[in-house]
Amino acid sequence: MSELATIIAQTTGYKNSRQAAANYVMKHTELMDDFMQICFENTNPDHYKACWVMELIALEKLDSFQNYLPLICSKSKTLSNESAIRPLSKVIFLLIEAHYKTPKNEIHFTETQRQKLIEINFDWLITDTKVASKVYAMRSLLLLGKEYHWIHPELQTILAKDFSTHTAAYKSVSKHILKKINHQK
């Protein structure tokens with residue numbers, strides 16, 4: 001087992017543990033390819049821990065994922081572990097936000113990649129994923145909908161239909177998203 005794999009395997013849910021692993025990966029940028037492979041390797045029992053670490057790296061050094069956008073866009077749909085999907089949905093939101101909001105355009109998705117992200121986020125929103133993943137999917141789709149105008153009406157329909165069956169957190173965010181969509185009209 002490589003040192004990277006060992007560090008990921010020993011990572012716990014505690015913030016200090018996840019941050020130590022993130023610091024290790026950021027310090028050893030030559031391991032980024034191997035790290036990203038672990039994140040999307042469903043057969044690896046620790047892939048969800050790597051996703052936890054990916055989230056912390058994204059919060060500190062988002063631009064380190066530019067070269068991995070093809071991997072993220074093609075493999076995100078294959079993950080089924082909720083503990084991997086939640087941090088990944090946040091990373092994708094951060095990447096989409098950077099694509100649309102940063103003046104330097106430090107993150108740039110291709111048209112094909114944006115189409116895949118739309119599909120992934122709608123899938124997370126309409127399937128039985130945890131609320132946190134749905135919330136990041138809503139936020140991602142809100143941003144994508146500024147470019148792809150058909151998204152907002154679809155998003156409104158889904159949020160209105162699902163509103164009464166979800167948690168208070170889901171209701172709060174969906175109400176906020178619906179307000180933003182209505183305000184943009």
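When each of GLU55, GLU30, GLU41 is tested for being out of contact with any helix residue (DSSP H, G or I) (no Cβ under 6 Å at 6 or more places or on another chain) and of a type in the set (Asp, Glu), the lone residue that passes is GLU30. For LYS175, the test of being more than 18 Å from ILE72 (Cβ to Cβ), open to solvent by 80 Å² or more (accessible area, probe 1.4 Å), touching a residue at least 24 places away in the same chain (Cβ under 8 Å) and of a type outside the set (A, V, I, L, M, F, W, C) is failed. For LEU142, the conditions (1) in contact (Cβ under 8 Å) with a residue 24 or more places away in the chain; (2) in contact with a Phe, Trp or Tyr (Cβ under 9 Å, 6 or more places away or on another chain); (3) open to solvent by less than 80 Å² (accessible area, probe 1.4 Å) are fulfilled apart from (2).
Within the range 145-167, restricting attention to residues that are of a type outside the set (S, T, N, Q) and open to solvent by 80 Å² or more (accessible area, probe 1.4 Å), the residue that is modelled with the lowest pLDDT is LYS161. Scanning the range 102-139 for residues that are farther than 24 Å from GLN66 by Cα, without any contact (Cβ under 8 Å) to a residue 40 or more places away in the chain and open to solvent by 20 Å² or more (accessible area, probe 1.4 Å) yields ILE126, THR127, ASP128, VAL131. For the range 75-97, enumerate the residues that are touching a Lys or Arg at 6+ places or on another chain (Cβ under 9 Å) and crowded, with 19+ Cβ neighbours inside 10 Å. Across the range 75-97, the qualifying residues are SER76, ALA84, ILE85, ARG86, SER89, PHE93, ILE96. Evaluating THR129 against the criteria (1) at pLDDT below 95; (2) not in a loop (DSSP other than H, G, I, E, B) leaves one unmet condition, (2).
Taking the range 1-74 as the region of interest, the helices (runs of 4 or more DSSP H) fully inside it that hold 3 or more residues being crowded, with 21+ Cβ neighbours inside 10 Å are 15-27, 32-39, 47-61.
The values are calculated or read from the model by the stated rules, or taken from the named source; none is laboratory data. Everything numeric in this text was worked out from a predicted model, so none of it was measured. Neighbour counts run over all protein chains shown; Cβ positions are idealised from the backbone, glycine included. Areas reflect the complete protein model, heavy atoms only, side chains present, ligands, DNA and RNA absent. Shrake-Rupley method; radii C 1.70, N 1.55, O 1.52, S 1.80 Å.
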